[in-house]
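Asker: Below is the structure I would like to discuss, written out as structure tokens.
The values are calculated or read from the model by the stated rules, or taken from the named source; none is laboratory data. It should be emphasised that the depicted structure is a prediction, and the values quoted were computed from it without experimental measurement. Every residue, glycine among them, receives a Cβ derived from its backbone with ideal geometry; neighbour counts consider all protein chains shown. We work out accessible area using only protein heavy atoms, side chains counted, and drop any ligands, DNA or RNA first. Shrake-Rupley method; radii C 1.70, N 1.55, O 1.52, S 1.80 Å.
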Amino acid sequence: MKFIRDILDKIKPDFEKGGKFEKFWPAYNAFDVFLFTPAETTQTGSHIRDAVDLKRTMSVVILALMPCLFFGMWNTGYQHFRVTGVETGLWENFFFGLIKIFPIIVVSYVSGLTVEFIFAIKRGHPVNEGFLVTGMLIPLVMPVTIPLWMVAVATVFAVILGKEAFGGTGMNVLNPALLARAFIFFAYPAQISGEVWNDLTLGEGQKIINGYSGATSMAVLDYDYHNLPPLNDLITGTIQGSIGETSKIAIAIGALILLVTGIGSWRIMLSMFIGGLAMGFFFNNIAPAGNPAHPMNLPAYYHWLIGGFAFGAVFMATDPVTAAQTNTGKYIYGFLIGVFAVILRVVNPAYPEGVMLAILFFNVFAPLIDHYVIQSNISRRVKRWNSTDR
Amino acid sequence: MTDVPHNLSVRDFAACFNNNTPWYFTGLELVVMQKIISIKKGLNIPLEGEAEKISVSALLAESYALNPSDFYGLTPKLLVKEGDKVLAGTPLFYDKEQPKILFTAPVSGEVIEIKRGEKRKLLSVVILPDKENRHVEFRKGNPVQFTTDEIINQLLESGIWPVIRQRPYSVIADPGSPPKAIFISAFDTNPLAPDYDFIVHGHGEEFQVGIDALAKIVSGKVHLNIPHGSTPSKVFTKTTGAQINFFSGPHPAGNVGVQINHIDPINKGEKVWYLSAQHVLTIGRLFLEGRYNSSKLIALTGPSVKNRKYFKIFSGACIRNLPELDRSSFEVRFISGNALTGHTVTPGGWIGFYDDQLTLVPEGDRQEFMGWMMPGFDKFSFSKTFFSSLLPGKKYKLDTNTHGEDRPFVVTGQYEDVFPMDIYPQHLIKAILIKDLELMENLGIYEVDPEDFALCEFACTSKMNLQKIVREGLDYVRKECG
């Protein structure tokens, strides 16, 4: 480690004020503090500080995403070989997925971090850690067949317009990872809907089994929900869908990590699950009689298990920057996302999923929710002022 | 809130009727229901290095100093020059805005140095003590025999008045503008804080006389806030003339600001006064002994010091010969006060006027390879993101490293978890940052003090210096609204 330190110390003067690469200080600093936690001491206020920082927080989220990523890699291979009729084992499935997914991750990080570094250098502020999580979330909400250039364009779009335009990490209104997905959803709908959810590039001598569809496992929702995959598959995740969203077990492990460490808001997760369930029950009650296949009849708890509901509740809605910030607001925010995700699923016949749009929608409304929560605190205080005679 | 029975004197019997406090008789004793306020949110920081409850006399330090910077917002006017002989109680300087507020010598001796900084700003008046410790004579007697004005004047002339401070703003109380109540926190929940039960032990009479004096200078209540759950000193529980409130829960339950907020929050335009339990003894001694007896017990604490005990000193003592340093490893930071809200002093500096504690922690100017990725069994965090959270009860040698760099707000709900008031701390901070006066008022800036944000600052993932921000906010409000 000493030798890395020596190299960093040797080149450091070039990046400091007056050095020849002075402008690139944020880039140098990002690497330095990534490798070595800084020797900075407290100058004002509390002399001792908590060991946690944004790097630690973000790395816990990335850790929590790992089960979803690893399962997604395995499942990509599993789905591929399932329909090509090849008998394979655990590791063959995993390596097939690894080869397909790793480039998406690399493209996401490289394109996003490039933008982050450029803005940091341009604005002279340190490179923030926020993108470390975004860069991992973007691949996990994509279909495995997504063209790499599209990942790059979407990521750059999301980071520039979604985040940097508002002032960078901590200032954005919309969740950048979902914004990247929404960008592809509206700009290149063909690549993110329809039969894109399985990688069907065929090896020599392989062919696709008869009657197979590469559509998302949710596609049947609007026709006859009885054709949804069996409950077991929905839970374990051996279904087709976005890379990280399929396995509810992997998501549950991630949720557990986020909840135990206190990084993810249990208020948002809980209220979003309750919101989805409540709306599901509501639809059950108003479902048209005489049409048992209608999606309104879908048992309410299925909404937790299909599509991106669980993944969205655990990893997307809980993004602290774009969610409501007050504790009361978090309950309202989560609940409404749950409700609207189910409404979009059931009522919109054109597209079976609604979680992404519901979260983005309430990202926009989160400040308004907070505003009303805070107003009630303010009016309580003002009332108290007025009730005391001065 | 729940109620516990508490035995009261006849004097409070009368008070009960006035206050509508519920009460009943059991046998021969009158039992009155007392408030227990239970604080749920907060955190006791497990810093290593608590002081043993042994008191050591260290009355003769090499020098004593009175530093105007200990009194927030003070513009001092000097009354002595180098070489002057002073007694304990001789005025050294006064407040330019309030010339009646005097600051007097804590011991007798000779003014050996008047330290000045940039623009001739007065930094310290340093006194070389003589051995006799002679004092200015003040009137002795029970405060009950004094008029309100006589008590106030005696406190002002003796230089003890500045022990009473005012919220909002935590400046010295204005003797001409009485508060709605006086608050005394009889316990401190800050890291390694001194135990006030130990400090007041055996000083019941001084404490009672001090409370009597305070009760006479305000028309409102004197609140004495003591911890619930332990067995608080009889000095506190037997006090009469003050309303006793019980508090339970983690830090910041002992912060007077939190206590005020739960008992009688400060509304716009109101003020309350507050002082420490130890300073109540100083007031008591003024009336019992007729002099400014500035002696006090301070706790010597922290991971970097070996002789962790209580020391009996006079106010403003030089700390040079007090601590035996644990020089095993790193540079040491000397903090007058506690590790959350205290101020840095030099090894040859003086203990702060309001401080009952000296904390020594190692400096943290060291880099660590991939520190943010380590499992962290030896790193303390409120966030549970390190494995140390699996080791409850462990004490830590925390140092002054920031453990990260300044970042914008990202994490939410973190401040709220350690901020037990009906206030949105993060939104108040944002209102201060954008200098929105009305929003600051509406979000409760009059109810807070920098020290109330110390725990938020400790826990902050984005490493924001919140106490400084709150101080600037309060300064701004004070400037605009007076």
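Asker: Hey, what did chain A get for relative contact order, percent, Cα under 8 Å, at least 6 apart?
Answerer: It comes to 15 percent, rounded to a whole number.
Asker: Related question: Run the 1.4 Å probe and let me know the accessible area of B:SER219, rounded to the nearest 10 Å².
Answerer: 120 Å²
Asker: Apply the Karplus curve 6.51 cos²θ - 1.76 cosθ + 1.60, θ = phi - 60°, to the phi angles in the stretch B:341-356 and return the couplings in whole Hz, x for Gly and Pro.
Answerer: 10, x, 10, 5, 10, 7, x, x, x, 10, 5, x, 4, 9, 8, 10
Asker: Between B:THR148 and B:GLU324, take the C-beta separation as r, use R0 = 41 Å, and let me know the FRET efficiency to the nearest 0.05.
Answerer: Computed FRET efficiency for B:THR148 and B:GLU324 comes out at 0.30.
Asker: Between A:ALA39 and A:ASP224, what is 0.36 nm times their sequence separation minus the Cα-Cα distance? Round to one decimal in nm.
Answerer: 60.5 nm
Asker: Can I ask one more? Given H placed on each backbone N at 1.01 Å, which residues far from B:HIS343 in sequence or on other chains put an amide H within less than 5 Å of it?
Answerer: B:SER336
Asker: Give me the distance in nm between label points sitting 7 Å out from Cα along the Cα-to-Cβ direction at A:ASP6 and A:ASP233, one decimal.
Answerer: 6.0 nm
Asker: If you don't mind, another one. Just to be sure I understand the model, the point goes 7 Å from the Cα along the line to the Cβ. What's the resulting A:HIS371 to B:LEU59 distance in nm?
Answerer: Placing both labels 7 Å beyond Cα along the Cβ direction yields 6.6 nm.
Asker: Considering only protein heavy atoms and a probe of 1.4 Å, how much of the accessible area of the protein assembly as shown is carbon and sulfur, as a whole percent?
Answerer: 59 percent
Asker: If you don't mind, there's one more thing I want to ask. Sort out the exposed loop GluC sites (Glu not before Pro) in chain B (DSSP loop, at most 15 other Cβ within 10 Å) and tell me the longest stretch that has none.
Answerer: No qualifying site falls inside B:138-323, the longest such stretch.
Asker: What's the FRET efficiency of A:THR201 with A:ARG123 using the Cβ-Cβ distance as r and R₀ = 41 Å, to the nearest 0.05?
Answerer: The pair A:THR201/A:ARG123 has a calculated efficiency of 0.45.
Asker: Separation between the A:SER59 and A:PHE281 pseudo-spin-labels, each 7 Å from Cα along Cα→Cβ, expressed in nm?
Answerer: So the two model labels end up 4.3 nm from each other.
Asker: Could I ask something else about it? Please report the relative contact order for the stretch B:402-481, taking Cα pairs under 8 Å with a sequence separation of at least 6, and give it as a percent rounded to a whole number.
Answerer: Contact order relative to length: 37 percent.
Asker: Given a Förster distance of 41 angstrom, what is the FRET efficiency for B:ILE434 paired with A:VAL156, based on the Cβ-Cβ distance and rounded to 0.05?
Answerer: Values: r = 31 Å, r/R0 = 0.75.
In this case the efficiency is close to 0.85.
Asker: Once amide H atoms are placed 1.01 Å from N in the peptide plane, what residues at a sequence separation of 5 or more from B:GLU110, or on another chain, have their amide H within under 5 Å of its amide H?
Answerer: Close amide H contacts, sequence-distant or interchain: B:VAL86, B:LEU128, B:ASP130.
Asker: Can you give the accessible area of A:THR44, probe radius 1.4 Å, in Å² rounded to 10?
Answerer: Looks like 40 Å² after rounding.
Asker: Given a cut-off of 26 Å, name the pairs among A:LYS2/A:LYS55; B:LYS35/B:LYS397; A:LYS383/B:LYS100; B:LYS41/B:LYS216; A:LYS12/B:LYS468; A:LYS23/B:LYS384 whose C-alpha atoms lie farther apart than that in the structure shown.
Answerer: From A:LYS2/A:LYS55; B:LYS35/B:LYS397; A:LYS383/B:LYS100; B:LYS41/B:LYS216; A:LYS12/B:LYS468; A:LYS23/B:LYS384, over 26 Å: B:LYS35/B:LYS397; A:LYS383/B:LYS100; B:LYS41/B:LYS216; A:LYS12/B:LYS468; A:LYS23/B:LYS384.
Asker: Can you give me the accessible area per residue for chain A, using a 1.4 Å probe, in Å²?
Answerer: With the other protein chains kept in place, chain A gives 43 Å² per residue.
Asker: Note the buried accessible area between B and A here, summed over both chains, with a 1.4 Å probe, in Å² to the nearest 100.
Answerer: By this definition, chains B and A bury close to 6000 Å².
Asker: Name the residues of the stretch B:345-378 whose amide N is less than 19 Å from a point 7 angstrom out from the Cα of B:GLU50 along the C-beta direction?
Answerer: B:356-361, by backbone N distance to the label point.
Asker: Report the relative contact order of the stretch B:75-225, percent, no decimals, based on alpha-carbon pairs under 8 angstrom and at least 6 residues apart.
Answerer: Relative contact order here is 19 percent.
Asker: Ok, one more. Within the stretch A:60-157, report the GluC sites (Glu not before Pro) that DSSP leaves as loop and that have at most 10 other Cβ atoms within 10 Å. Don't skip to the end; give the middle numbers.
Answerer: On the way: sites: A:GLU87, A:GLU92, A:GLU116, A:GLU129; in loops: A:GLU87, A:GLU129.
Of the GluC sites (Glu not before Pro), the ones in loops of the stretch A:60-157 whose Cβ has at most 10 other Cβ atoms within 10 Å are A:GLU87.
Asker: Select from B:PRO408, B:LEU60, B:SER304 the residue farthest towards the positive end of the dipole of chain B; place +1 on Cβ of Lys and Arg, -1 on Cβ of Asp and Glu, and compute about the Cα centre.
Answerer: B:LEU60
Asker: Apply the Karplus parameterisation 6.51 cos²θ - 1.76 cosθ + 1.60, with θ equal to phi minus 60°, to every residue of the stretch A:47-56 and state each ³J(HN,Hα) to the nearest whole Hz, in sequence, with x for glycine and proline.
Answerer: Values, residue by residue: 6, 10, 9, 4, 6, 7, 9, 5, 4, 4 Hz.
Asker: Can you spot the aspartates and glutamates whose alpha carbon is less than 14 Å from B:LYS306's alpha carbon? Ignore those fewer than 8 places along the same chain.
Answerer: Once the sequence-local aspartates and glutamates are set aside, what remains near B:LYS306 is B:GLU48, B:GLU50, B:GLU52, B:GLU324, B:ASP326.
Asker: Okay, moving on. Might you work out the accessible area of B:HIS343 for me, using a 1.4 Å probe with all protein chains in place, and round it to the nearest 10 Å²?
Answerer: 70 Å²
Asker: While we're looking at this one, here's another question. Longest span of chain A, sites excluded, free of chymotrypsin sites (Phe, Trp or Tyr not before Pro) in DSSP loop with at most 15 other C-beta atoms within 10 Å?
Answerer: A:22-211
Asker: While we're here: Test of understanding: extend the Cα→C-beta vector of B:LYS238 to 7 Å, then name every residue of the stretch B:172-201 with backbone N under 12 Å from that spot.
Answerer: B:201
Asker: Work out from phi, with θ = phi - 60° and the Karplus expression 6.51 cos²θ - 1.76 cosθ + 1.60, the ³J(HN,Hα) of each residue of the stretch A:132-148, listed in order in whole Hz, and give x for Gly and Pro.
Answerer: The phi angles translate into 4, 7, 3, x, 8, 5, 4, x, 6, 9, 9, x, 5, 8, 4, x, 4 Hz.
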